[in-house]
Amino acid sequence: MENIPIVALDSEPSTTKMAQVNGKFYVRLMAGHYQNLRRWLSWPLMAAFFLVVWLPWDGHPAVLFSSQERRIFLFGLNLSWHDLPLLSGMLIAAAALLFFTAVAWGRVWCGFACPQSVWTWLFIRIEHLIEGDARVVRKRENRGLSVTDWLRRGVKHGVWMVVALATAATFSGYFVPVRELTAELVSLEFGSGVWLWVIIMAALTYANAGLVREKICLHACPYSRFQSVMFDLDTRTVSYDAARGEPRISARRQDSSGGDCVDCSLCVQVCPTGIDIRDGLQAACIDCGACIDACDGVMARLERPPGLIRFASERQLQGQSSPLFRGRLLGYGAIALMAVGAVIWVFTQATAMVVEVRRDRTELFSIRPDDTVCNDYRLKVEGFVPGETQVQVIVRELVAVGANEGQFELLGPEGIDLAQSQASWQNYRVCALNPAQGKTRLQFEFRLGKHISTRNSTFLVGRH
């Protein structure tokens, strides 16, 4: 198999020095097609993240992983903790889709929808609105900050902290009802340990999106490390057309022998990870397309064709044909479709009831004055069918179902009301007149709407 060419780079290129001050990158915002596309994708995702926890659905939040009720509420579906493997299946399906996307178009997930990137761009935009353009901020850093500059910076960090706190509280709202968290915040009663988690999450969000930023993509993100395993010569990634751009000559010079690249360094200034795409494919590139928009703008002003930097495969850059659909990509696509189909099917088989039956061992059996023998049991039912709260309980002999169904009598509540006794133990007694000596196998049947679940137990009779 052909390998993608590897080129050794200088440890600290001059263009990278131009994009940072004191080791910090100041990202220049740039309008363009790919930046608009990123906003069209990221803003709805962010809005959904903040709003879904407030959306009521059948008396519960639309999405809630409730440890208190031991259930998962998912847009009208009531899932038990026994259905947690469904979430693992969803993650596997998502990973398969991610691999399919990576083989086809590189790290577009990182550039357009990854939470780290989305929140980083949000914090960069806040920085731009409060402190000004990246070029202005770099000049201030070089000459030293004034009192006004420090005030601007303080306001920026304050806004960052508010956004980080809102993010952490919203994330916690997927596990604890967000209205409870809000009530504690308004009343300044932080008795629950949830708020310690909220503070930790807020600090991590503030650090990741505001302070660390590109270092997560450069050093902490595992995806950037194994993406090269999935890339091939036909993968479309953000690429610089060196054959067209080199040698680089300033736009002020009129030299027909030069390439189209005028070495303006805008592609570096707009990059959120501070790399120079002209150095070739790099693990730190998140394929956000910011450098494409910047370069196309320069080409338009110079009346040159766009696409000096574009989504292109290694074969396309070499002038060869490069099929998008190929065996490797179709294989990942088939795996992704199978994973998604399996998750959808398993959702239809979600647990309707979780039942437990325990026989009371403090007294093996008791005898009534009419020689009826009784055993005591404890039953617990959890139901996960929306709109169904009444559970009917039936007991019968396991071997002779039908013929001796009426031999055993179940004494206790006629039914279990899940609205009042969800996941609580209920006391029942099973009695029989002149039962067989020793052990008899019993079957408890639980009916919740059209859903039926059974559990087996024993009925003990000693000498009397």
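The values are calculated or read from the model by the stated rules, or taken from the named source; none is laboratory data. Since this is a predicted model, take the numbers as computed values, not measurements. Neighbour counts are summed over all protein chains in view; Cβ atoms, including those assigned to glycine, are modelled from backbone coordinates with ideal geometry. Surface areas here come from the heavy atoms of the whole protein model, side chains and all, with no ligands, DNA or RNA. Shrake-Rupley method; radii C 1.70, N 1.55, O 1.52, S 1.80 Å.
The figures follow:
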| read-out | value |
| --- | --- |
| 222 nm mean residue ellipticity, helices alone, for the chain (DSSP H n ≥ 4; -39,500 (n - 2.57); rounded to 500) | -12000 deg cm²/dmol |
| Charge dipole of segment 143-246 about the Cα centre (unit charges at C-beta), most positive-ward option of VAL176, PHE231, TRP150 | TRP150 |
| Anisotropy class of segment 51-127 from Cα gyration tensor, a/c 1.5 cut | oblate |
| Accessible area in square angstrom per residue, the chain, 1.4 angstrom probe | 53 |
| From the coordinates shown, Rg/Rh (Cα atoms, Kirkwood Rh) corresponds to which of (i) 1.17; (ii) 1.03; (iii) 1.08 | (i) |
| Kirkwood-Stokes translational diffusion coefficient of segment 90-184, alpha-carbon pairs, 37 °C, 0.692 mPa s, µm²/s | 199 |
| Stokes-Einstein diffusion coefficient of segment 118-254, Kirkwood radius over Cα pairs, 10 °C, 1.306 mPa s, in µm²/s | 84 |
| Note, ³J(HN,Hα) from phi for segment 278-284, Karplus 6.51, -1.76, 1.60, rounded to Hz, x at Gly and Pro | 5, 7, x, 4, 9, 4, 7 |
| Segment 310-390: Cα Rg divided by the 2.2 N^0.38 Å rule of thumb | 2.59 |
| Hz values of 3J(HN,Hα) by residue in segment 99-107 - Karplus curve (6.51, -1.76, 1.60), Gly and Pro given as x | 5, 4, 5, 5, 5, 7, 10, x, 8 |
| Where only alpha carbons of segment 355-457 are counted, the Rg and the Dmax (Å) | 14.0, 44 |
| Tail beyond 19 Å, pair distance distribution of segment 277-344 (Cα, percent) | 57 |
